[in-house]
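Contents: one structure, followed by commentary.
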Amino acid sequence: MDIFLQQLINGIVLGSIYSLVALGYTLVYGIMGLINFAHGDIVMVGAMVAFTVIHLLSGSGLPMFLIAGIGILAAILVCMAVGYLIEKVAYRPLRGAPRLAPLITAIGVSMLLQNLAMMIWGRGYLSFPALLPAISIPVAGAGISAVQILIVCASAAMMSGLSFLVKKTKLGNAMRATAQNREVATLMGVNANAIISITFIIGSALAAVAGVMVSAYYGVAHYDMGFILGLKAFTAAVLGGIGNIEGAMLGGLLLGIIESMGAGYLGAITGGVMGSNY
Amino acid sequence: MTKVLKWALLASILAILPFLTDFAFGKTWVRILDFALLYAMLALGLNIVVGFAGLLDLGYVAFFAVGAYFYALLASPHFGLHLPFWLLLPAGAFVAGLFGVLLGAPTLRLRGDYLAIVTLGFGEIIRIFLNNLNAPYNITGGPQGINLIDPIKLGSFALNHPVGGSIPSVYNYYYLFLILALLAAFVSKRLQYSRIGRAWVAIREDEIAAEAMGINTRNTKLLAFAMGASFGGLSGGLFAGFEGFVSPESFTLMESIMILCMVVLGGMGHVRGVILGAILLSIVPEALRYVGPLQESLFGKVYADPSSLRMLIFGLALILVMLLRPAGLWPSPTRKRELSAQGETAKHENDGVYDAGR
């Protein structure tokens with residue numbers, strides 16, 4: 001197998017997941033200048049909810065793609081609700097507060113979600129059911145699995161949908177206006193609070209999908225999977241230029257490719273001194 | 001005269017506190033007090049960077065790690081070196097300060113979140129290096145860390161031995177940490193109103209205006225990083241001597257975040273508030289360990305996993321405190337004035353006062 005091509009493919013798949021999560025960070029940051037530390041945990045909630053739903057339905061005899069679809073839908077709905085609630089309870093009351101105050105509540109929310117998840121789903125690794133048959137399509141010496149294709153296609157579709165939403169629709173216009181200057185946007189008849197809520201809901205929906213993707217890709221779900229993922233996605237968002245939607249996509253892809261290339265080659269380049277554990 | 005009385009009262013309370021705690025809750029709690037004091041020193045250090053100079057640092061624990069490993073490497077059987085602590089502690093603080101400059105220099109032009117991400121990365125780099133520098137040459141002991149570290153010795157008297165066979169060792173460390181924490185608080189306080197401290201505040205409020213006023217922003221910011229880091233290095237050395245064991249596990253990102261929480265929750269930029277925050281946030285999680293037994297005594301059965309319930313309540317507490325007191329539990333008086341004077345205008349997006357989060 002061609003290692004380079006394989007790592008590139010893996011990197012792109014990983015990167016498109018990062019991009020989806022990074023979009024959530026960037027949307028929220030762009031509109032209210034807040035690092036939403038709880039975003040990674042919303043990803044986790046999405047994965048967990050999908051896991052439970054798929055698990056419950058797996059004995060019902062429905063076709064797998066339908067079960068997966070219902071699972072993803074449930075994850076999206078739950079995450080939207082969670083995102084909305086978080087914004088309403090933990091961030092909205094702090095609109096006029098010092099800038100670091102919402103950061104602390106975000107950390108609090110993150111702890112809350114993680115430990116709630118630990119109480120509900122336990123502390124073990126849950127093995128996530130395979131949503132697609134494990135087939136691998138050979139491409140020039142490397143292999144692409146069906147899950148990988150689905151992940152890349154789905155995230156590309158969602159990202160272009162989001163781009164369209166933000167750039168072309170009235171809602172997107174209102175979002176961009178709120179991001180630029182909340183007071184003036186309000187004067188122009190934009191309901192800034194509603195827009196911020198919607199932003200959170202969109203970001204959470206993306207996070208839910210990303211959560212299902214990452215669990216389906218690695219085959220496991222875990223209560224603290226969101227933390228590191230969120231951190232990486234946040235890095236990706238900053239790398240691409242936080243607050244900028246295309247930047248988040250690019251940053252996510254770059255980070256994914258760098259990570260997988262690093263895992264593949266760092267050991268060889270440094271003669272084994274720095275292994276993939278860096 | 002009343003002021004003297006107040007201080008005398010405070011001093012005597014602090015002096016007998018370990019005995020009272022031991023009497024009421026047992027020795028474990030004296031140890032928790034020791035850690036609270038250690039965290040107070042750390043939080044005071046981070047307060048210089050975040051609270052005074054307004055530079056959001058998410059990798060502060062790296063300096064703690066540097067101090068701890070510096071002490072551990074030079075006072076343990078690991079390399080067979082046993083240098084005295086009075087040499088190692090200041091040297092550790094100095095080395096951590098150098099690391100502070102190392103971090104500060106490339107990040108001078110960064111602001112807000114970009115700075116946050118670089119500092120976060122720096123913290124992780126240090127931890128990962130500590131975790132992996134056991135091959136090909138074993139420098140840091142890898143994930144196993146370093147153990148059998150020398151205790152802090154005053155003359156021939158090692159602090160980890162009970163005094164006269166009756167006063168346990170946690171007391172010795174309590175008094176040592178208390179003295180150093182008070183020293184750190186004193187230094188912070190003096191720094192705050194010094195020329196440098198005022199320069200930091202000026203940079204926090206408006207960097208461009210500060211530069212226009214003739215402040216050398218580059219050196220002043222570097223100094224903030226170095227000063228903050230040296231506090232971290234000092235506490236790191238104390239931690240290593242106290243625990244007798246260091247491993248990369250003690251220096252995770254979560255630790256940095258906790259220290260940041262202490263600073264913000266207590267009241268950024270206010271020395272007393274920060275100490276309060278540090279002590280509260282190090283004691284509350286320990287106190288919440290009782291949720292397990294409490295459930296048992298109330299309902300006769302443990303319903304929720306105590307360890308996750310404990311952190312859940314802790315997270316809730318963080319949210320509630322910030323919602324009820326957005327400026328921190330004990331904000332500095334000037335800051336309070338600013339907030340009430342600004343009132344509605346504080347809501348403005350580009351409010352420069354709290355630039356640290358940008």
### Task
Could you tell me whether any residue of region B:302-321 is more than 10 Å from every other protein chain (Cβ to nearest Cβ), modelled with pLDDT under 70 and open to solvent by 50 Å² or more (accessible area, probe 1.4 Å)?
yes
#### Entry: Pairs, first at pLDDT 85 or above in region A:184-199, second open to solvent by 60 Å² or more (accessible area, probe 1.4 Å), C-beta under 6 Å, six or more apart
A:Ala192/A:Thr186; A:Ser197/A:Tyr84
#### Entry: Extreme residue, least open to solvent (accessible area, probe 1.4 Å), among residues of region A:55-99 that are hydrophobic (A, V, I, L, M, F, W, C) and part of a loop (DSSP other than H, G, I, E, B)
A:Ala97
### Query
Quick one: in region A:201-244, which of the residues that are away from chain B (no Cβ under 14 Å) and over 19 Å from A:Ala156 (Cβ atoms) is most open to solvent (accessible area, probe 1.4 Å)?
A:Tyr218
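Residues are listed down the side, and each one gets a yes or a no for (1) under 30 Å from A:Ala22 (Cα atoms); (2) assigned to a helix (DSSP H, G or I); (3) touching a strand residue (DSSP E or B) at 6+ places or on another chain (Cβ under 8 Å):
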| position | (1), (2), (3) |
| --- | --- |
| B:Gly59 | yes, no, no |
| B:Trp86 | no, yes, no |
| B:Ala93 | no, yes, no |
| B:Pro106 | yes, yes, no |
| B:Arg109 | yes, no, no |
| B:Tyr114 | yes, yes, no |
| B:Ile125 | yes, yes, no |
| B:Leu130 | yes, yes, no |
### Query
Which of the residues belonging to region B:265-290 are crowded, with 19+ Cβ neighbours inside 10 Å and closer than 17 Å to A:Met111 by Cα?
B:Leu265, B:Leu281, B:Ser282, B:Leu288
### Query
Restricting the search to region B:248-264, which residues are open to solvent by 10 Å² or more (accessible area, probe 1.4 Å) and away from chain A (no Cβ under 11 Å)?
B:Glu249, B:Ser250, B:Glu255
### Query
Inside region B:132-149, can you point out the residues that are part of a loop (DSSP other than H, G, I, E, B) and either under 15 Å from B:Ser247 (Cα atoms) or at pLDDT 85 or above (or both)?
B:Leu133, B:Asn134, B:Asn138, B:Ile139, B:Thr140, B:Gly141, B:Gly145, B:Leu148, B:Ile149
#### Entry: In region A:26-54, the residues that are open to solvent by 10 Å² or more (accessible area, probe 1.4 Å), in a helix (DSSP H, G or I) and within 14 Å of chain B (Cβ to nearest Cβ)
A:Tyr29, A:Gly30, A:Met32
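The values are calculated or read from the model by the stated rules, or taken from the named source; none is laboratory data. The structure presented is a predicted model; accordingly, all values stated were derived computationally and were not measured. Virtual Cβ from ideal backbone geometry, glycine too; neighbours counted across all protein chains shown. Heavy atoms of the whole protein, side chains included, go into the accessibility calculation; ligands, DNA and RNA do not. Shrake-Rupley method; radii C 1.70, N 1.55, O 1.52, S 1.80 Å.
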